[in-house]
Amino acid sequence: MNTDNFRIAVVGRKGGVGKTSSAIHLAALLAYSGKRTLLIDGDDRGYATTWAGAGSMPFTVDGVGGLMAVSQYDAAVIDSQADPSESEISTLGRHSTVLVLPAIPEAQAVSGLMQTIGVLDSAGVPRSKAAVLLTMDTRQGSATAEAREALEGAGLHVLKSSIRDTVAFRHASSGGTLVHKVGSGPGKMAWLDYENALNELLTLGERA
Ligand SMILES: Nc1ncnc2c1ncn2[C@@H]1O[C@H](COP(=O)(O)OP(=O)(O)O)[C@@H](O)[C@H]1O
Ligand SMILES: [Mg+2]
């Protein structure tokens, strides 16, 4: 499997959809799989940097200045700010192996994501590189199935693994740790959700 220099960009125009949580956990999983991993914090507010700041993360964190050093790592994950400019989205699209578009399973998710996809399309980034990751999935009712159907109907690839909704994420970020380490069963299950999502992304990256 050739996934050397695997680069994941986590992008989206909406805030609060789980971009930073996804970037942190995907970077940690890549690092635990034996890849020297760099997390680029592309958000001026520095949430990923603060989260990882306690220094117990298995990966290195840097600001956008660190983009120059990406080739020195086996893997990189880029967390981006809400509402990135069109040029930022298209640059990320061109320089990453796969793009992850986190979305909460709700009706508004589709229109928000279509804007991002429109930017990628006009930048010539192949849609085969992009995948929607459903986050904060309560696994109750039909919201997730409906969101998945709407997104797929709009021509987007939606990862089979969604990330369950659990307060463990808030505990993990306030404690500067990872979701499987906060001691709750749901946190451990959410870690496995990210592991499954990463495996799908690695497969996507081989094909893209
Ligand atoms: N799967 C999840 N379940 C429950 N809460 C989550 C989940 N993922 C993230 N959160 C919480 O939602 C809020 C926003 O998440 P964050 O990753 O910072 O989003 P973004 O980077 O898109 O703004 C944070 O309080 C975070 O702890
Ligand atoms: Mg964020």
> With respect to the numbered conditions (1) assigned to a helix (DSSP H, G or I); (2) of a type in the set (S, T, N, Q); (3) in contact (Cβ under 8 Å) with a residue 40 or more places away in the chain, which one is the sole condition not fulfilled by Ser87?
Replying inline: (3)
> Restricting attention to segment 155-177, and to residues there that are among the polar types (S, T, N, Q) and surrounded by 14 or more Cβ atoms within 10 Å (Cβ to Cβ), which single residue is nearest to Gln115 (Cα to Cα)?
Replying inline: Ser162
>> Suppose the filter is in contact (Cβ under 8 Å) with a residue 60 or more places away in the chain and in contact with a strand residue (DSSP E or B) (Cβ under 7 Å, 6 or more places away or on another chain); does Ala23 pass it?
In response: no
> If you check every pair at least six apart or on different chains, which have Cβ atoms under 6 Å apart with a residue in segment 170-188 that is over 16 Å from Thr135 (Cβ atoms) first and a residue that is near ligand 1 (Cβ under 8 Å from one of its atoms) and at pLDDT 95 or above second?
Replying inline: Val182/Ala168; Val182/Ala172; Ser184/Ala168
> Taking the stated definitions as given, is Gly12 surrounded by fewer than 24 Cβ atoms within 10 Å (Cβ to Cβ) and under 14 Å from the mean Cα position of the chain (by Cα)?
Replying inline: no
> Residue check, Thr116 against (1) more than 16 Å from ligand 2 (Cβ to nearest atom); (2) among the hydroxyl-bearing types (Ser, Thr, Tyr); (3) buried (at least 22 other Cβ atoms within 10 Å of the Cβ), all met but one. Which one?
Replying inline: (1)
> Which residue, of Arg7, Arg13, Arg36, is in contact with a His (Cβ under 9 Å, 6 or more places away or on another chain) and either of a type outside the set (A, V, I, L, M) or away from ligand 1 (no atom under 14 Å from the Cβ) (or both)?
Replying inline: Arg7
>> I'd like to know if segment 90-102 contains one or more residues that are over 23 Å from Asn5 (Cα atoms) and either in contact (Cβ under 8 Å) with a residue 60 or more places away in the chain or surrounded by fewer than 24 Cβ atoms within 10 Å (Cβ to Cβ) (or both).
In response: no
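The values are calculated or read from the model by the stated rules, or taken from the named source; none is laboratory data. None of the values given here were measured: they were computed from a predicted structure. Methodologically, a virtual Cβ is constructed for each residue, glycine included, from the backbone with ideal geometry; neighbour enumeration extends over all protein chains shown.
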